[in-house]
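Below is one structure, written out as structure tokens; comments come after it.
The values are calculated or read from the model by the stated rules, or taken from the named source; none is laboratory data. Since the structure is predicted, the reported quantities are computational estimates derived from the model, not experimental observations. Here the Cβ is made from the backbone with ideal geometry for all residues, glycine too, and neighbour counts use every protein chain on show. Ligands, DNA and RNA are excluded from the accessible area calculation, which covers all protein heavy atoms including side chains. Shrake-Rupley method; radii C 1.70, N 1.55, O 1.52, S 1.80 Å.
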Amino acid sequence: MDTVTQLLTRCPLCFMKLFVLSENHEVEKRVAVTPEVAKKLVGIGHEVYVESDAGKSAGFDNEEYSSAGAAIAKAKDVSSCNVVFAINPLQADIINEIRDETILIGMQEPYSSSGNIDLFLDRRITAFALDLIPRTTRAQYMDVLSSQASLAGYKAIIEASSIFNRGLPLMITTAGTVPAAKVLIIGAGVAGLQAIATAKRLGAIVSAFDIRTSAKEQVESLGAKFIEVESTEKIDGVYAKEMGDEYRKAQEMRLRDVLPSQDIVVTTAQIPGKKAPVIIKADMVGVMKKGSILIDLASNTGGNCELTESGKTVETNRVKIVAFDNILNFIAFDASRLFAKNAFAFFELLTQKMADNGDISAIDDEIIKATLVTHNRQKYFGGLTF
Ligand code: NAD
């Protein structure tokens, strides 16, 4: 079996054997490569092996992959491939099946899965973390965080509106008027902005908070109200950071004013590489309106509400606090389509750069450097410092 380097020496851009892993469908319905993307990969000369039923829970059958020119494979066949695509960090038993020098492309959660990193080093696996793609214009075609967050923000409003036992738009009927619902979005990043746009389309009255000053213009451009917090602490850049006491106190006071009038609250506040900030304390839920819904999209990093329990709905004081295990499972078909396109764009860039420079660690490209986690028994956290 050829190594990646030997394959590249023969033909830099073709003859790679690619494997698409099946995720654990109990917790993850998405698949990293769809039949559409498998067809593109086959079209540029790669052999594509898809673990049987890898796409089934997202709505893609084995037959569609076969028609796209991919081979349906068993899990153990991963050991004969050079590149592995997956969405989530791999289980240790799968890492042990992968041959040395394999290139792994997916979300690696490098800040929390140190066990995997040690295994990658041990097995000389070259791991790329798509969750470290820089948030730049050039990288936007590969930005899985944005594509997935956007769908999560949309789905949060759809799910909230179905749990909420009232209407969202103003409806004037002969039997009376249904008032427009008030929706508050905390964290106006990619998910938050899509949640704002969706809630606006459904006719709700929407307002939003963010710690970044640039978010104000984006919130207002979607027709929502930006809630100002009186504080000297400001963030001008793209990446959020933990706020100091002064800001946190001012934000809490402002929220205590705003929360009692809200019907739906969606929290999305995250700090890259860190635990999510707790913004709604337990006693603040007490000031919320009876029958209101809080969807906590930050639950996988600890949650923005003190009462959030990941994967559960907690009801207190007739307020429902909802934290889905993985909201993208409710929109797995589209989430997989977008993820696969992002992963393909990244792989295309990587193979082009590898053709220019066989040594991956020497590739001088901000996207490759930022995402490279391990290579040839070395650990890299090249690009971003948080
Ligand atoms: P994220 O998921 O890390 O966080 C969500 C939001 O929560 C952010 O807007 C953040 O400012 C906010 N937040 C953090 N702490 C908060 C607090 N205590 N209170 C209120 N809000 C808080 O963010 P994201 O959606 O991944 O986006 C991060 C940034 O990257 C945004 O500025 C976005 O516009 C930018 N971005 C740029 C590009 C590009 O240029 N191509 C692509 C994607 C994202």
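Check A323, A340, A298, A282 and return the single one that is at pLDDT 95 or above and farther than 19 Å from L184 by Cα. Don't jump to the end; show me each part of the working.
On the way: A323 fails: farther than 19 Å from L184 by Cα; A298 fails: farther than 19 Å from L184 by Cα; A282 fails: farther than 19 Å from L184 by Cα.
Residue meeting the stated conditions: A340.
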Original post:
Is there a residue being more than 21 Å from A332 (Cα to Cα) and hydrophobic (A, V, I, L, M, F, W, C) anywhere in segment 56-63?
Top reply: no
Original post:
Scanning for something over 13 Å from I105 (Cβ atoms), among the small types (G, A, S), within 21 Å of the chain's Cα centre (by Cα) and at pLDDT 90 or above, does segment 351-370 turn up at least one residue?
Top reply: yes
**OP:** Kindly establish whether I293 is surrounded by 14 or more Cβ atoms within 10 Å (Cβ to Cβ), within 16 Å of the ligand (Cβ to nearest atom) and assigned by TED's automatic domain parsing to the domain that holds I157.
**Re:** no
Original post:
Could you list, in sequence order, the residues of segment 192-214 that are over 16 Å from V258 (Cβ atoms) and near the ligand (Cβ under 8 Å from one of its atoms)?
Top reply: L193, R212, S214
**OP:** Could you pull out the residue among T268, T301 that is within 14 Å of the ligand (Cβ to nearest atom) and surrounded by 24 or more Cβ atoms within 10 Å (Cβ to Cβ)?
**Re:** T268
Original post:
Mind checking which residues of segment 215-240 are more than 8 Å from the ligand (Cβ to nearest atom), under 20 Å from V266 (Cα atoms) and open to solvent by 30 Å² or more (accessible area, probe 1.4 Å)?
Top reply: K216, E217, E220, S221, L222, G223, K225, E228
**OP:** Tell me, yes or no, whether segment 246-259 has at least one residue that is open to solvent by 10 Å² or more (accessible area, probe 1.4 Å), in a loop (DSSP other than H, G, I, E, B) and assigned by TED's automatic domain parsing to the domain that holds K155.
**Re:** no
Original post:
For T308, all conditions in the list (1) without any contact (Cβ under 8 Å) to a residue 60 or more places away in the chain; (2) part of a helix (DSSP H, G or I); (3) open to solvent by 10 Å² or more (accessible area, probe 1.4 Å) hold save one; what is the number of the exception?
Top reply: (2)
**OP:** State all residues of segment 50-74 that are more than 27 Å from L132 (Cα to Cα), open to solvent by 20 Å² or more (accessible area, probe 1.4 Å) and in contact (Cβ under 8 Å) with a residue 12 or more places away in the chain; if no residue qualifies, say none.
**Re:** S52, D53, K56, G59, N62, E64, S67, G69, A71, I72, K74
